[in-house]
Amino acid sequence: MRAGHVLALSLLLLWARLASAHEEPEELADAGVASPLPRGGLPSDAGAEPVDVDAGTSLGTTTVRGARAPHSASEVTVPQDVVQAAPKSGATDLLRLVPGLVASQHSGEGKAQQLFLRGFDAVHGQDVELLVAGLPVNEVSHVHALGYADVNWLIPDAVREVRVTEGSYRAFQGDFAVAGTVQYELGLEEPGLSAAVSYGSFNRLRLFAGVRPTEAPETFAAVEYVQGDGFGPQRAFGRVSLLGQATLKVGPARLRAVLGSAGSRFDSPGVVRQDAVDAGAGFYDAVGLRQGGSASRHQLLLGLELPHESGKTTLEVYGVLSDLRLKNDFTGFLQHPEGDGLEQQQSSGLLGARAYHRRHFHPFDSLVTLELGLGGRRDGLHQSQRGYREADGSPYRDDFSAAITQTAVNAWTEVAWQPAQWRFMLGGRLDVLHFEVKDELAFDGQGATRAAFGPHWALKAGVERALGEAWRLFLNYGDGFRSPQARSLSDGERAPFVHVRGAEVGASFLESVVDVRAALFGSHVANDFFFDHTAGTTVYVGSTLRGGAQATVSTRPVEGLFLAASLTGATAHVLESDSLLPYFAPLVGRLDAGYARAFPLWGLTWTPRLGTALTLIGPRPLPYDEFSRTVFLWDVRAALRVGRVELVLDVQNLLGSQWRDGEFVFPSAWEASAQPSLLPARHFTAGAPRQFALTLEVHL
């Protein structure tokens, strides 16, 4: 254990001992001064808006304002009216609500999105932790990409808010929370029964039904069915999702259950060479005609929340079953005369549990908040990869087949001390991982088993200073890690975690109807790698350094109107060569705006709604000193509700931009009889053209 981490844990024990010596009864459980119980897998103040909830509540003899303020300048919450303002055709649009995050859907509407955040190319989730109401989404040691995080099953109508904790500065952030943690909280907007039918461009049909039987938005059930031909060859898809959540109070306790089941089938267009388009091929063409796949996910979470006079305790157990079958081919006939297509399959079963305990003390006329967390999960998975022939899709070689058991146990603690206008936060986290891998193809199919083990210690710290009623300054530090791919480990090896150290300095301004935040951030990765999904291999690059700045602004100047904007600039360098890392997003801008106002007319209530979203993605660095094109998208929603009936018109990519969702540089050969060239070439996947959708909704 490093000396700094020993010091951190010693200080945490000292804080807890000091606080317990001055514990006094207090009515904080529902006062808003302390954040409510941890809900949905994260302490509930993670990403909470910095509002003065019950600002006059007395803690002993000290009055604390803004006790639910975020612990860093980059912790934000996207509320439901912002979530629902602009068109949301699926999970990709939900991901784009996160400030600075780019979500690219380059392999069909069913595969996990490629994510970019704060200078990280998180591939399909290796550097961004995603949770839905406490259910983990990232999959460990996944056959396609480390941390594979598929949220296509998530129903947009059922998302109540998005809580974002960028960076790795909080003790509850563990594996994959390198660039940040994003949690989707669930709930329906209004009580009763809702039903909707939508039809749009390219024969896209969507059916939705949801019911919220109580006034509590968290209790609901919803189902969604979507199918479409896609906007070009090999883009057809279909999926169905069932998602529900129930809460029940039994005396002082609160019970919560989340369940879901989903399945999808999708085609993938592959990547198109730019020189082929220059020679006359279609911008929306497809290659590798057998690409695509199917996915399913089934999940259940049960939680028990127990309030006490100075805090709350939460216990949760959860399980997830998921399957993926994926065929993809990026290089044609470059490496094999039969074709370079890969068929990957994975079946996973996850069982986990977590416990949070949160207490409040007020020694020496100040507020101390102590959080303790314990968790564990066991992932059992079977994965395989084989090559298939481009001519008929039949397999012709086996690359690997493995059965993996991965066990993770974690413990963390975090103490926040608030004397007067200051807040000091200190946290520590321990993660221990165990791996067991059976290579089923080794020794003529008899199999070979190997095991690995390793701990990771993390220090988290922060300082906040309030300047008057409106301004706050923040300074944060945090260690993060990325767990390894199990198949890469040797027998008896100490698990080689990817270590990340990050820091941020920021400020926030909250007054009346304006909320402004700005931050400078940086992170150092000691032993970095990136996954080259075009070749299916991991490329190690040594130490890397990332840095950048972010600003967010939100305002509600008049009743019914909101504006929310963010701008993030980032850079990422390989220290040894002083070169840019490929694929990260250097500039990301986002603007969401909406207006809704109800008025009576002819004995009915009329509610017009307008919403829009603008997305800017600057040129991304590519291999061989090339850069991608700038992307600008404009989406618009117009709706009119009369009584219980609403008509909604959605237009995505209003300007009809011909844009590239993903751009890559690598060699490929798509003529089987030709001598392949090893020279790298530009490739891209086309983004969606202008699309219309008309929706009829009924609310009963």
Rank-order 260-273, 599-612 by packing density, defined as the average count of other C-beta atoms within 10 Å over each peptide's residues, highest first. 260-273, 599-612
Highest mean first, how do 177-189, 339-351 rank when packing is the count of other Cβ atoms within 10 Å averaged over residues? 177-189, 339-351
Label point at ALA674 placed 7 Å out along Cα→Cβ; residues across region 259-275 whose backbone nitrogen lies under 11 Å: 273, 275
For region 190-271, which semi-axes, largest first and in whole Å, follow from the square roots of 5 times the eigenvalues of its Cα gyration tensor? 35, 15, 7
Each label point is 7 Å from the Cα along the Cα-to-Cβ direction; what then is the distance between the points at SER294 and ARG378, in nm? 2.9
Value of D in µm² per second that Stokes-Einstein yields for region 88-131, Kirkwood Rh from Cα pairs, at 20 °C (1.002 mPa s): 203
Take the Cα gyration tensor of region 306-422, multiply each eigenvalue by 5, square-root it, and list the three semi-axes largest first, rounded to whole angstrom. 52, 17, 10
Suppose we look only past 17 Å in the calculated P(r) of region 144-196. What percent of the Cα-Cα pairs does that tail hold? 53
Over region 381-421: Kirkwood hydrodynamic radius from C-alpha pairwise inverse distances, Å: 15.4
What ³J(HN,Hα) values, in whole Hz, does the Karplus curve 6.51 cos²θ - 1.76 cosθ + 1.60 give for region 611-619 when θ = phi - 60°, with x put for Gly and Pro? x, 8, 9, 10, 10, 10, 10, x, x
In whole angstrom, note down how far apart the Cα centers of region 593-657 and region 264-332 are. 24
Which whole-Hz ³J(HN,Hα) couplings does region 510-522 yield from phi under the Karplus relation 6.51 cos²θ - 1.76 cosθ + 1.60, θ = phi - 60°, glycine and proline marked x? 10, 8, 6, 9, 10, 10, 10, 9, 9, 8, 10, 9, x
Given H placed on each backbone N at 1.01 Å, which residues far from GLN291 in sequence or on other chains put an amide H within less than 5 Å of it? SER268
Sort 374-381, 294-301 by packing, meaning the average of other beta carbons within 10 Å per residue, with the highest value first. 294-301, 374-381
Using the Cα centre of the chain as origin and beta-carbon charges of +1 (Lys, Arg) and -1 (Asp, Glu), tell me which of GLY311, LEU342, ALA674 is placed farthest towards the positive end of the dipole. GLY311
Signed unit charges on C-beta, dipole axis of region 3-699, positive-most listed residue LEU367, ALA222, SER268: ALA222
For LYS249, which aspartates and glutamates qualify as cross-link partners when the Cα separation must be under 13 Å and same-chain residues fewer than eight apart are set aside? GLU218, GLU305
Taking the alpha carbon gyration tensor of the chain, what are the square roots of 5 times its eigenvalues, largest first, to the nearest whole Å? 40, 32, 24
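Readers should treat all values here as calculations from the given coordinates under stated rules, not as data from a laboratory. All values derive from a computational prediction rather than experimental measurement. Glycine also receives a Cβ, built like all others from the backbone with ideal geometry; neighbour counts cover every protein chain displayed.
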